[in-house]
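K.L.:
Questions regarding the structure given below will be posed in turn.
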Amino acid sequence: MFYKDLGIDLGTMFTRIADGTQVLLSEPTIVAIEVEDQKMVAVGQEARDMYGRVPENIEVVRPLKNGVIADYEITETLLSYLLQHVSGSMRIFRPRVMISVPNGITSVERRAVHEAVLEAGSRDASLIQQSLAAALGVDLPINSPSGNMVITLGGGCTEAAVMAMYGIVSAETLRLGGMELDEAIVNYVRRKYGVVIGQVTAEQLKVRIGAAVPQDTENSMEVQGQDQVTGLPRPVTLTTGEIVEALQEPLKAIIETGRRVLEKTPPELVADIIDRGVALCGGGALLRGIDKLLTKSLGIPAYLVDNPLTCVVEGAAKAIPMYNILRRKLPQV
Ligand SMILES: Nc1ncnc2c1ncn2[C@@H]1O[C@H](COP(=O)(O)OP(=O)(O)OP(=O)(O)O)[C@@H](O)[C@H]1O
Ligand SMILES: [Mg+2]
């Protein structure tokens, strides 16, 4: 048995675990349970595959909503299963954990994360703001007194933050993310065509043909839906331009979040950010043209980082040996 330090990113859609050298695991934040006795049936990808295809006695649950724990017991079950999973055949004796949380959540919400990860079998747990973890994960020079800006576009929340000297100078957390973008597509298709499509289908449209700004080459995709009136199956074909239109409302809220952070940031730091640009992290940063949209609307060059999906968990793991430097900047529980 040996000790190990682990970083955890407990995301609305994916939970990721890393040690100081690599990402060890990335699984959908989903658990399938038996309704009657709340017994776990499946976790992660296996549970996700069951979504919408299970008998009545089994429920498929997402225990996080918009970046915070919505179901404590199930979150704890998920974390304890995943922690056991990474320890594999070599028994890791109760790891020390650094777990990321959105910056703008309440102390009650933070305590729930702290307690869940301790109950799940860690020896010691500290929290880190996800923006700070993301900045460490993409190697921004946040040890310096100059300003660095990150926008994390997750599945359930969006966070914009300016950091300097290992601390957060100004930040905003918006409880809206990729899932709300999918919902906007569902609503758009219902309004325009009278066809109801599922969220999984909406996400596929977003990822395969979607964009944040109009594109030179239009793609199209046919999907199956249900006629709103007759309830019968009906195919509908959507184009890139239509998805762009569908996404405008939620994207506006994301832009506003970045803008409010810049407004709160001292001018010297804003000057640094204009030079360095804004790092875009999280799965939502992969939306085509989101860098262009944010560059244009914020007046600051926005760029996609190399590791948008894993930078938060990598940064959380990196933060563990830096604990003494970071201690006073981390959220208290
Ligand atoms: N190519 C893509 N284009 C657009 N969106 C994408 C793409 N790839 C992934 N996404 C979106 O990224 C989101 C998931 O991102 P991520 O894994 O960072 O979320 P999370 O960490 O689980 O959530 P959160 O941090 O908000 O709690 C999903 O909404 C997904 O649809
Ligand atoms: Mg995330």
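Coordinate-derived values only; no laboratory data. The shown structure was predicted, so the numbers you read here are calculated from the model rather than taken from an experiment. Neighbour counts are summed over all protein chains in view; Cβ atoms, including those assigned to glycine, are modelled from backbone coordinates with ideal geometry.
K.L.:
Give me the one-decimal nm value for the distance between modelled label points at residue 306 and residue 70, 7 Å along each residue's Cα-to-Cβ direction.
P.N.:
With each label point 7 Å from Cα toward Cβ, the separation is 3.6 nm.
K.L.:
Give me the Kirkwood hydrodynamic radius of segment 189-233 in Å, from all C-alpha pairs, to one decimal place? Can you show the working numbers first?
P.N.:
Values: mean 1/r = 0.0860 Å⁻¹.
Kirkwood hydrodynamic radius for segment 189-233: 11.6 Å.
K.L.:
Highest mean first, how do 247-258, 161-172, 214-225 rank when packing is the count of other Cβ atoms within 10 Å averaged over residues?
P.N.:
Those peptides, ordered most packed to least, come out 161-172, 247-258, 214-225.
K.L.:
Right, next: Evaluate Rg over Rh across segment 219-333, taking Cα atoms for both radii and Kirkwood's formula for Rh. Don't skip to the answer; put the middle values down first.
P.N.:
Numbers: Rg = 19.9 Å, Rh = 17.7 Å.
That ratio is 1.12, to two decimals.
K.L.:
How would you rank 196-206, 148-158, highest first, on the average number of other Cβ atoms within 10 Å across their residues? Can you show the working numbers first?
P.N.:
Details: 196-206: 18.7, 148-158: 27.0.
My ranking of the peptides, most packed first, is 148-158, 196-206.
K.L.:
If you don't mind, another one. Sketch the reach of a paramagnetic label on residue 165 as a point 7 Å from Cα along Cα-to-Cβ, and name the residues of segment 256-296 whose backbone nitrogen lies under 18 Å away.
P.N.:
265-273
K.L.:
Could you give the alpha-carbon Rg of segment 282-333 over 2.2 N^0.38 Å, rounded to two decimals?
P.N.:
Output field value: 1.53.
K.L.:
While we're on this one: Using the Karplus curve 6.51 cos²θ - 1.76 cosθ + 1.60 with θ = phi - 60°, what ³J(HN,Hα) values do you get for each residue of segment 245-252, in whole Hz, with x for Gly and Pro?
P.N.:
So the Karplus estimates, Gly and Pro as x, are 4, 4, 8, 4, 4, x, 5, 4 Hz.
K.L.:
Related question: How much mean residue ellipticity at 222 nm does the chain get from its helices, if each DSSP H run of length 4 or more adds -39500 (n - 2.57) and you divide by all residues, to the nearest 500 deg cm²/dmol?
P.N.:
Details: 11 runs with 125 residues, N = 333.
So the helix-based figure for the chain works out to -11500 deg cm²/dmol.
K.L.:
Please work out the FRET efficiency for the pair residue 107 and residue 253, using the Cβ-Cβ distance as r and a Förster radius of 41 Å; give the result to the nearest 0.05.
P.N.:
In this case the efficiency is close to 0.95.
K.L.:
Which of rounded, prolate or oblate describes the chain when judged by the alpha-carbon gyration tensor and an a/c cut-off of 1.5?
P.N.:
Oblate, since a/c reaches 1.5 and b/c is not below a/b.
K.L.:
Can you give the three extents of the C-alpha atoms in segment 85-225 along their principal axes, from longest to shortest, in whole Å?
P.N.:
Taking the Cα atoms of segment 85-225, the three principal extents are 53, 43, 31 Å.
K.L.:
I've got another one for you. Starting from the Cα of residue 217, step 7 Å along the direction of its Cβ; do the same at residue 41; then give the gap between the two resulting points in nm.
P.N.:
Each label point is offset 7 Å from its Cα along the Cβ direction, giving 4.3 nm.
K.L.:
Considering the alpha-carbon set of segment 141-305 alone, what are its Rg and its Dmax in angstrom?
P.N.:
Calculated on Cα positions, Rg and Dmax stand at 17.9, 62 Å.
K.L.:
Could you calculate the contour length gain from residue 86 to residue 286, that is, 0.36 nm times the residue separation minus the distance between their Cα atoms, to one decimal place in nm?
P.N.:
Taking 0.36 nm per residue and subtracting the Cα distance, the gain is 69.3 nm.
K.L.:
Using alpha carbon centroids, what distance separates segment 126-158 and segment 250-293, in Å?
P.N.:
12 Å
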